[in-house]
1. Set the Förster distance to 45 Å, then compute FRET efficiency between residue B:153 and residue B:48 from the Cβ-Cβ distance, nearest 0.05.
2. Please label the shape of segment A:43-91 as rounded, prolate or oblate, based on the square roots a ≥ b ≥ c of the eigenvalues of the alpha-carbon gyration tensor (a/c under 1.5 means rounded; beyond that, a/b larger than b/c means prolate, else oblate).
3. Mind listing the label-point distances from residue C:46 to the same position on all other copies, shortest first, one decimal in nm, points 7 Å along Cα→Cβ?
4. I want to check the label-to-label distance for residue B:88 and residue A:92. Put each point 7 Å from Cα in the C-beta direction and report it in nm to one decimal.
5. Report the label-to-label distance for residue B:99 and residue B:18 in nanometres (one decimal), using points 7 Å from each Cα along the Cα→Cβ vector.
6. Where the centroid of each part is defined by its Cα atoms, how far is segment B:12-40 from segment B:157-213 in Å?
7. Cut-off is 10 Å between beta-carbons; in what order do B:153, B:177 appear when sorted fewest neighbours first?
8. Given a Förster radius of 30 Å and the C-beta distance between residue D:119 and residue D:177 as r, what FRET efficiency does 1/(1 + (r/R0)^6) yield to the nearest 0.05?
């Protein structure tokens, strides 16, 4: 096995002697890096902790950059990796920090863009390939994709239409609260998902009657996809546990 | 093919050479017109944009009026079209604007009524006839219609009865909040759908005990129809994927 | 047919010539009387309307009293009717008003107790005997009664335990809001049903962590019974539509 | 039967003459003790009631200590009982009170720790062994454990990632409300469970758009496990009611 092949396998957790240790170390770094991003948000941190976090951030960027270059160098088809789903995520997770370092010399300026790194958590899914349930979820998704997409489009149209209607009823009574159709869409989304923060709600009689009708009719449109996925998953579980049902009849 | 027949087919997307292009252009106009109604609601728009929107509105009304007249003229039985579901919607979507233009010379006075035009978005459903999931939803609906209707009536009765009861408990303690049975029905609807804005809620001990009992008992009445539709839809999906289950036994 | 038998049949909607007209008239009176109770709650009604409502109330009480006495007189076993479910409801719906009239001479003093009359709406269920879905709901209920009862008891225990725990966390920080375990139970019920009015919520770190854990674990306990009833109902629908599945094998 | 064996059986409700009376008396004491903990939280109790509660508390601790020592003394393998699930709960339910009595001479100082005693309510589950539905729930849980665990981990990751993202959008606009990623996680949990207290919600356009997307995508992740458990339970019910379906074919 060439050393190039050896590096590639180590990164993917298929190395004969290293096994999954390199893969797991990288996954652990992703998780710790995500946690560090959370710690950074705490205000009033002592000076030393901030310094530590900046150093750790630099270390993480260095490791991820090295990993990206190694994956690129050892991939059988480098261009294919660079344009693959995980390749783009790997690049997006280091670019903002690298740009920050080279342009302004600071790692903290690009905090918002660094959240792109959270997409690397999706690598956890890849590592979880032994989890049967993840596969089953995938299969269930394929079964119900059509319905869910139709409902997704329908949900968006419902939100927009409900927002336009409630705007006509409430805008005059509460011009500051229902200030445009976009605020009304925020209201419609918060109401139809039954979150109901209470920051925005109808006060006119017509607006309230419309809200009640809307809730009773449209609640289903948003709640049904969940039921579809769950029911498809249990169906698949039954199939798996009785795979040779038909062949017994021979 | 007569030119009358030709126009009718073009409008319905069945024309041999034009295909669905006319139908899709009309659908696009419906969608853009709905979006324009949203843009109109933004306050503080510059003068030019308002002028543009008014012009676009006039254009939309002109096209929809032309479409309505053409459909009426080319229909095999004009009266049947005029009294059909889509015929009424098509008329309702232009009447308010036409009335506004002829009576006051302004297109903006009848804004509230113009929301009737949103019903034209239902034409999208007609165009989506290739979407299998829409059919399946229709079939599922027919399967569970009885249950859903019974639950709908039950839900209304539950709302009314709960409102009358909570009114007895809370009216004395909060005469401004629970001012009549209608406000109490608004409270009951917002509570039973678990939206819970927080604009109106019981504060007396009896009112709270009743609310908890009501939630535990009546929540089901409102949540069950959703489960019924979802379960009927997965059942139909199974039937479709195994249509000749019985005939194999021969 | 004796006139006694004739009266009994007319009240039950089984009279050969009157048919269901008497039954339906009584049901209509129940519904209108329920609506009148709602109208009474509107404040600032003009004098004439109040007088009208009081007169209608007296009329309703008179009719229901006459109905009760007739049912009692014509029942094959009067005592059995008087102690039956509907017999008790019929009596409870007139007693408060009768007591009000005889004791204080006013029909409006016993308003709270008069809500007992709402139970008469249950007679609508009896009239709806032709609705297949009501039967199916009854059957589904018998199928899942055990599970639902276990969940009901579990839900109450969960509410109480959650209330005791959150009280320990929040009472010191918000002594006025979480003032006793009963207020905490109100919080637990409003939170676990995801209504979330916003009148009472945890603010300490421990209280919030507990709330999140509680929501994720205990939400199921309250949501599952709904799913059970829905699934049992679809099962029954399938059985009904394929009743001779087994007998075909002969 | 030795007296040691006799005591053990009496405690477990298997005694030939005492039957389940001792077991039920202990269960009743657990329930009453839990209720007393609730009564203690009411502020402004008269002096006598407080004294009564303290006396009852001492009595409960005495009985539970005696029970623990008896169980320990009569168990075939005392160490095994002491380290079993119920053994640890039994000890944890008396230790805080005992420590309070011996250290400070007061039973009320350790109120928070005494909530550990609520775990004793789990003994009710043991007593409910005749309830078929409890078993069925256990079986259903084993069927869907995998899926539920995967969803549990996914739910935590979703909460954390959503919190990090909303923090980037909202922290600048509301530095006091979205003060750190932990507050943002509280927001994410309250929003995704659709409780929506209204104490914390996004106000920026980007934050609101993200919230709507998050709700539509992530709501399923939290709602699906409930559907899975319910569907597994109905499946088991069907199997139970038709156990010899296959063997009839012989």
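1. Working from the Cβ atoms, E equals 0.30.
2. Prolate, because a/c is 1.5 or more and a/b exceeds b/c.
3. Here residue C:46 shows inter-copy label distances of 5.5, 5.5, 7.8 nm.
4. The modelled label-to-label distance comes out at 4.8 nm.
5. Reported label-point gap for residue B:99 and residue B:18 is 3.1 nm.
6. When both Cα centres are located, 46 Å separates them.
7. Listed from fewest to most nearby Cβ atoms, that is B:153, B:177.
8. The calculated FRET efficiency here is 0.25.
Since every read-out is calculated from the coordinates, none of them should be taken as a lab result. From a predicted model like this one, the values you see are computed outputs, not experimental measurements. Here Cβ is always computed from backbone atoms with ideal geometry, including for glycine, and neighbour counts include all displayed protein chains.
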